[in-house]
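**Q** Below you'll find the structure I mean.
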Amino acid sequence: MSDRQIPPPPKGGAGALLPPDAGRDRPLFLVAAILVFLACIAALGARGAIVQAQAWTSDLETSLTIQIRPVEGRDTEADARQAAEIATEIEGIAAATAHGRDHAEALIAPWLGQDNLPDDLPLPLLVDVELNPGSAPPVEALQSALDEAGLAASVDDHARWAGAVKRAAGLARTLGISLLALLMGAAAAVIAFAARASLAARIDVIDALHLSGAEDGFIAQLFQRRFFMLGLKSGTAGALIAVIVSLLVSWGDTPADMLFFLPRWSMNPFELLMLGLAPLLSGATAALSARLAVATDLRQRW
Amino acid sequence: MRYGRGPEVLRDLSFDLPRGSFQFLTGPSGAGKTSLLKLIYLAMKPSSGSISFFGQDTATLPREDLPLLRRRVGVVFQEFKLLNHLSVFDNAALPLRVTGRKRSEYAEDVAELLAWVGLGDRMDANPATLSGGEQQRVAIARAVVAQPEILIADEPTGNVDSDMAMRLLRLFVELNKLGTTIVFATHDLQLVRLLDAPVMTLSNGHLHIRPPRSQRLRPEPLESEVYVEDGPAEDEHE
Ligand SMILES: Nc1ncnc2c1ncn2[C@@H]1O[C@H](COP(=O)(O)OP(=O)(O)OP(=O)(O)O)[C@@H](O)[C@H]1O
Ligand SMILES: [Mg+2]
């Protein structure tokens, strides 16, 4: 006879009705933790993208750019300086800075190269205009003042760029939220599946309790509590790993354009709340799916 | 009654369990004894027909009311259904726990009951480490711990020698004297002969009920005769 060593049961009559699940739940724990981690990363990423896009659009919305076109026989740099002076006179404008030819050359250098520019190549020059916060951009007033002064200038209110940035941010948000929904759905399905498997392995307990006159709620409660704790634990592990990863990302040297889609750690209330809720949500999902699995099984009995 | 799409296991049967009676249920292996008992302890719904319990038709009872009925029925399962992750004490106390009662309220009663079935010193043991007969007695303790009105025993003497079988039967007789209705399934006709109780016999899905000998034989001299016949069993109990 090859009898396994049978562990002694808890003494004194207070043994848990559900047996301890030594090892059996470990794969579930792992998968749930990974899913919660991915969900947190997706949420942090979507949140990061939204925050980033807001910062950019507000930068774009609180500034204007005047473009001075080069005209034969005129000193474009002088025109730019004059345009900056005109701009500061106008209501709602806080400051205006005229940029010289160096600035314009630097802007096109990536396309044409540093040294290939003939000195006499006519280049449009830029004037950055900073608006007073809260005031509507005085685009038309500025344009007509510049026209009156006889400058070949056009005012750009960045509307096109702001729109593009907003669209990108909206896309990132939709992507993040859909990803979040998918991951949460997957987590729920995995946990429900595991609850069912755990139930099948514990059919003897359910049998004994059911036939002893236990009410369905009593039996469901046992499994519900077990799975709530399991979901809570794996959710906590997943959220913690997400925190660590986002800390690493925000400390590490990441190219700025990648940062847009990577989660970055900023200790703001939203992120803390989300990371705090993730384990609870995971626990609640686990508890609910366990409850449903038990209820389904019990309803098939009499 | 049938299992799933299988053949009909029990058909056309009808019987009463008078309150406080002791009934044997016999029949060859596979005749459907366990199946019939499952109907009585509300583990299975009859495919057709009805079961009335304490004056209530179970077919019309809402599902939520069944647990309360089940608590009035104690069962010794043929295969015990003991939980090996719990101690003997916890197994015996299970029907009390599911009613939500606190340990402190029942600890003494359970300990006393276990002592009564001869397991006083094995309360903290794992049921899997007990002998078949000991497990049987744990199952019996669990079946009676909540003082059920009906006690159903499916081959409760199947795993023990005839000496132990006699002692267990005596235990059931004691419980019956205290007012518990007992259905005792066995194919041990020796045991059946020890008591003057009605015998239900299953064969081919049909139930045949044989009244107790005292009612089968003609009145006058038989009262004493039956008494004498019952004597040895009764004597041994005391
Ligand atoms: N869960 C089940 N599913 C399908 N068929 C079953 C099931 N349980 C019992 N049966 C069938 O029902 C018939 C009666 O079985 P049952 O267990 O009631 O017999 P029994 O009289 O208790 O036999 P034994 O004396 O061996 O315990 C058998 O033919 C058996 O194969
Ligand atoms: Mg049987």
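The values are calculated or read from the model by the stated rules, or taken from the named source; none is laboratory data. None of these values were measured; they are calculated from a predicted model. Every residue, glycine among them, receives a Cβ derived from its backbone with ideal geometry; neighbour counts consider all protein chains shown. Each accessible area value is taken on the protein alone, full model and side chains, heavy atoms only, with ligands, DNA and RNA left out. Shrake-Rupley method; radii C 1.70, N 1.55, O 1.52, S 1.80 Å.
**Q** Tally time: how many residues in segment B:188-205 are in a strand (DSSP E or B) and within 19 Å of residue B:17 (Cβ to Cβ)?
**A** Residues in segment B:188-205 being in a strand (DSSP E or B) and within 19 Å of residue B:17 (Cβ to Cβ): 4 in total.
**Q** Just need a number here: residues in segment B:84-129 that are of a type in the set (Val, Ile, Thr) and open to solvent by less than 30 Å² (accessible area, probe 1.4 Å).
**A** Selection size over segment B:84-129: 4.
**Q** Across segment B:136-155, which residue is surrounded by the most Cβ atoms within 10 Å (Cβ to Cβ) among those that are more than 13 Å from chain A (Cβ to nearest Cβ) and either assigned to a loop (DSSP other than H, G, I, E, B) or within 16 Å of ligand 2 (Cβ to nearest atom) (or both)?
**A** Only one residue tops the list, namely B:153.
**Q** What number of residues in segment A:215-235 are part of a helix (DSSP H, G or I) and open to solvent by 50 Å² or more (accessible area, probe 1.4 Å)?
**A** 7
**Q** Pairs, please: C-beta under 7 Å, at least 6 apart or cross-chain, first residue within 14 Å of chain A (Cβ to nearest Cβ) and in segment B:13-35, second within 16 Å of ligand 2 (Cβ to nearest atom)?
**A** Correct list of pairs: B:34/B:78; B:34/B:154; B:35/B:1; B:35/B:9; B:35/B:10.
**Q** On to the next question. Scan segment A:121-147 residue by residue and report those that are of a type in the set (A, V, I, L, M) and open to solvent by 60 Å² or more (accessible area, probe 1.4 Å).
**A** Hit for segment A:121-147 is A:136, nothing else.
**Q** A follow-up question, please. Would you pick out the residues in segment B:75-98 that are in a loop (DSSP other than H, G, I, E, B) and either more than 7 Å from every other protein chain (Cβ to nearest Cβ) or β-branched (Val, Ile, Thr) (or both)?
**A** Within segment B:75-98, B:77, B:78, B:79, B:80, B:82, B:84, B:98 qualify.
**Q** I would also like to ask the following. Would you pick out the residues in segment B:44-73 that are at the interface with chain A (Cβ under 9 Å from one of its Cβ atoms) and open to solvent by less than 30 Å² (accessible area, probe 1.4 Å)?
**A** If the condition is that a residue be at the interface with chain A (Cβ under 9 Å from one of its Cβ atoms) and open to solvent by less than 30 Å² (accessible area, probe 1.4 Å), then B:58, B:66, B:67, B:69, B:70, B:73 are the ones that fit.
**Q** Out of curiosity, is residue A:178 in a helix (DSSP H, G or I), in the same structural domain as residue A:35 (by TED's automatic domain parsing), among the hydroxyl-bearing types (Ser, Thr, Tyr) and buried (at least 19 other Cβ atoms within 10 Å of the Cβ)?
**A** no
**Q** Moving on. Have a look at B:4, B:49, B:74, B:30 and point out the one that is closer than 24 Å to residue B:135 by Cα and away from ligand 2 (no atom under 16 Å from the Cβ).
**A** B:74
**Q** Quick one: how many residues across segment A:181-210 are more than 36 Å from the chain's Cα centre (by Cα) and open to solvent by 20 Å² or more (accessible area, probe 1.4 Å)?
**A** Going through segment A:181-210 one residue at a time, the tally reaches 6.
**Q** Let me ask another. What pairs can you find where one residue is in segment B:99-114 and more than 26 Å from residue B:65 (Cα to Cα), the other is not in a helix (DSSP H, G or I), and their Cβ atoms are less than 6 Å apart, with a gap of 6+ or different chains?
**A** B:113/B:145; B:114/B:120; B:114/B:123
**Q** What's the total number of residues in segment B:11-53 that are within 21 Å of residue B:182 (Cα to Cα), within 8 Å of ligand 1 (Cβ to nearest atom) and in a loop (DSSP other than H, G, I, E, B)?
**A** Looking only at that region, the number is 5.
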